[in-house]
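Presented below is the structure to which this report refers.
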Amino acid sequence: MADTIKPYRQPWLADPLRESLLILAPAFLPVAVIVLFHDYFQANHEVSTVWWVVLVLGIDVSHVYSTLFRLYWD
């Protein structure tokens, strides 16, 4: 029996599109908020608590979430 060489297959948990969105979206959504509401942030120099939670925690927690998703669910 001849050994067949199997092509390398990426170990996706679900499918590449869904995983890419779940991993990348938390990092890019807060940035998109800043871009979409650029005029608001230019006019207001103080950031409210709600915006701070959305932007700072959204960016900071997103990399932890994506790391946990990829590391522990694999």
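The values are calculated or read from the model by the stated rules, or taken from the named source; none is laboratory data. Just so it is clear, the model here is predicted, and its values are computed rather than measured. Here Cβ is always computed from backbone atoms with ideal geometry, including for glycine, and neighbour counts include all displayed protein chains. To get the accessible areas, we keep the full protein, side chains included, count just its heavy atoms, and leave off ligands, DNA and RNA. Shrake-Rupley method; radii C 1.70, N 1.55, O 1.52, S 1.80 Å.
Consider segment 48-59 and keep the residues that are of a type outside the set (Ser, Thr, Tyr) and open to solvent by 80 Å² or more (accessible area, probe 1.4 Å). The one that is modelled with the lowest pLDDT is 52. From the list 22, 17, 71, the one residue that fits, being modelled with pLDDT under 70 and assigned to a helix (DSSP H, G or I), is 71. Among residues of segment 13-42 that are over 18 Å from residue 56 (Cβ atoms), those with a Cβ under 7 angstrom from a residue that is of a type in the set (Lys, Arg) and open to solvent by 50 Å² or more (accessible area, probe 1.4 Å), sequence gap 6+ or separate chain, pair up as 23/70.
Flag: residue 28 matches the condition of being open to solvent by 100 Å² or more (accessible area, probe 1.4 Å), of a type in the set (Phe, Trp, Tyr) and at pLDDT 75 or above.
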